[in-house]
Amino acid sequence: MKEKLQLLAAEGKEKILAAKNEVELQEIKAAYLGKKGSITELMKGLPGLAPEERREFGQAVNAAKNELSDLVESQREELKLKSAAIPADFDVTVPGTLPSGGALHPITQMCYDLNDAFRSMGFEIFAGSDITSEYSAFDTLNFPPAHPARESMDTYWLEGHDTGDADKKLCLRPHLTGESVRYMRTHKPPYRFVYPGRVYRNETTDARHERAFFQYEALIVDKNLTFTAGKVMIKSILSKVFGQDVPVRMRAGFFPFVEPGFEIDMGCLVCGGKGCSVCKHVGWIEIMPGGTPHPNVLRAAGLDPDEYTGFYVNIGLDRLVMMRYGVDDVRLFHSTDLRFLSQFR
């Protein structure tokens, strides 16, 4: 038994010192010192030895195991040092390869740029939840009970929350304006804030539309606010974002939450106003609805419409990014194609 132990120990040392990597070293350790290792198996022969020999042999086995374990750890450190060493033929004068750097997504960058522009004009930044209620999304915004926007063909309703109570019937927010009313209820007038965020619509995707996209709402509510101040705000923000004067036009439009309401267009920067697929060949692209908050919306916010007025816009952030970079398909910004996204680093 002693001779066998000596042979196994010597054999183990030789293999440990010859190991070429840590994986091979670990396999050698398991083969000799593991639960079913050859040296560990020798302990099963203890009952067959004379009583006076058992203690001596057991101590010898433990000593051999400790010696091999120490040698394994020593060799492991040696292998680590060797793997970290610079090869003799390595040319340290050759320039290395820089790691690929990340960057903000172009929509995120646009949001930050707008935040900076609005902050410079004294606006606060507000954030709300992606989940809202029918009461906040529609009732407080003067939507009639049978308005088609309340249907599942337009809005993503959450199952299990239709209790008949509009404040408990939940959906993914179809727009940001309802949360703006919540903000006005919990703050004191006058108001001057922006509210960026993702919204969700149950609609078919195409080059200009997505089911989940970003909006950027801005709202001013004060006494004696002139309507022209709103248009000046729009032109000022667009000129800051694009670094140039941007043509803007306002067309009469109907939205339940504003009166009067407008469709606000900007000159298409993809084609320079000449006409393309993005602007449907008219040279203009709709980027936001806007107007004066409807008296019923102001009342829902706890304000007297005879005392307060305001100006509201809800910017289509994705379309603004399309204009900035001359991209003709909004779906590219929501893809995971790194070939496209890496261009904005």
Could you go through the range 270-285 and let me know if any residue there is in contact with a strand residue (DSSP E or B) (Cβ under 9 Å, 6 or more places away or on another chain), under 23 Å from M121 (Cβ atoms) and in the same structural domain as F138 (by TED's automatic domain parsing). no
Considering each of E24, E14 in turn, give the residue that is out of contact with any helix residue (DSSP H, G or I) (no Cβ under 7 Å at 6 or more places or on another chain), under 30 Å from A84 (Cβ atoms) and surrounded by 11 or more Cβ atoms within 10 Å (Cβ to Cβ). E24
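If I ask for residues that are in a strand (DSSP E or B), in contact (Cβ under 8 Å) with a residue 24 or more places away in the chain and surrounded by fewer than 20 Cβ atoms within 10 Å (Cβ to Cβ), which ones from the range 262-275 would you list? Let's see the steps before the verdict.
We begin by selecting, within the range 262-275, every residue in a strand (DSSP E or B); these are 262-267.
Filter again for in contact (Cβ under 8 Å) with a residue 24 or more places away in the chain, leaving 262-264, 266.
Scanning the range 262-275 gives a single hit, E263.
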Scan the range 83-107 for residues that are under 28 Å from A19 (Cα atoms) and under 34 Å from the mean Cα position of the chain (by Cα) and report the count. 0
If you scan the range 75-111, which residues turn out to be surrounded by 12 or more Cβ atoms within 10 Å (Cβ to Cβ) and not in a loop (DSSP other than H, G, I, E, B)? Q75, R76, E78, L79, P106, I107, T108, Q109, M110, C111
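Per-residue answers, yes or no, for (1) at pLDDT 90 or above; (2) assigned to a loop (DSSP other than H, G, I, E, B); (3) within 27 Å of the chain's Cα centre (by Cα):
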position	(1), (2), (3)
S129	no, yes, yes
Y135	no, no, no
P144	no, yes, no
T155	no, yes, yes
G164	no, yes, no
D167	no, yes, no
R185	no, no, no
V194	yes, no, yes
T204	no, yes, yes
Within the range 221-230, identify whether any single residue is in the same structural domain as T132 (by TED's automatic domain parsing), farther than 23 Å from V327 by Cβ and part of a strand (DSSP E or B), and answer yes or no. yes
Suppose the filter is among the acidic types (D, E), assigned by TED's automatic domain parsing to the domain that holds C111 and within 28 Å of P106 (Cβ to Cβ); does D154 pass it? yes
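The values are calculated or read from the model by the stated rules, or taken from the named source; none is laboratory data. This one's a predicted model, so the numbers in the text were calculated from it and none came from an experiment. FYI the Cβ positions are ideal-geometry reconstructions off the backbone, even for glycines, and counts take in every protein chain you see.
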